[in-house]
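Derivation of every value follows stated rules applied to the coordinates shown; laboratory data play no part. All of these numbers come straight from a predicted model, not from anything done at the bench. For neighbour counting, all protein chains shown are included, and Cβ atoms are generated from backbone atoms with ideal geometry for every residue, glycine included.
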Amino acid sequence: MPGPETSDRDVDILRYVRLRPEPFATARDIEPKTSVGYKQTRNRLDDLVEKGLLNVEKVGTVNVYWLSDEGKRAVADSDQC
């Protein structure tokens with residue numbers, strides 16, 4: 001089974017979450033912005049949760065993700081480069 005696609009950098013995925021009109025995102029929201037499908041996008045978001053860059057909560061049957069404080073700093077740091 002293939003792992004998460006690494007061509008989408010962590011910070012790019014974090015930016016996709018940050019740039020949404022809502023302060024949160026689901027894998028379905030982010031998937032069109034990535035180079036992979038839904039399942040790989042969800043895996044990648046879960047990896048970012050494990051790294052402490054995203055928070056997650058299950059709402060009904062859907063995982064909802066939002067930037068953690070560390071994720072916000074990572075995006076801000078990359079914007080300054």
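Explain nothing, just the number: dipole magnitude of the chain about its Cα centre with +1 on each Lys and Arg Cβ and -1 on each Asp and Glu Cβ, in debye rounded to the nearest 20. It would help to have the intermediate numbers written out before the result.
Details: 13 positive and 15 negative charges, 40 e Å.
Dipole about the Cα centre, nearest 20: 200 debye.
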What percentage of all Cα-Cα pairs in the chain are separated by more than 19 Å?
-> 29 percent
Output the relative contact order of the chain, whole-number percent, from Cα pairs under 8 angstrom with separation of 6+ residues.
-> 32 percent
Once both labels are modelled 7 Å past Cα along the beta-carbon direction, what's the residue 78-residue 39 spacing in nm?
-> 2.6 nm
Between the residues 78, 27, 66, the Cα farthest towards the positive end of the dipole of region 10-79, that dipole coming from +1 and -1 charges on the beta-carbon of Lys, Arg, Asp and Glu, is from 27
Give the long-range amide H neighbours of residue 54: residues separated by 5 or more places, or on another chain, with amide H under 5 Å away, using H modelled in the peptide plane at 1.01 Å from N.
-> 49, 68
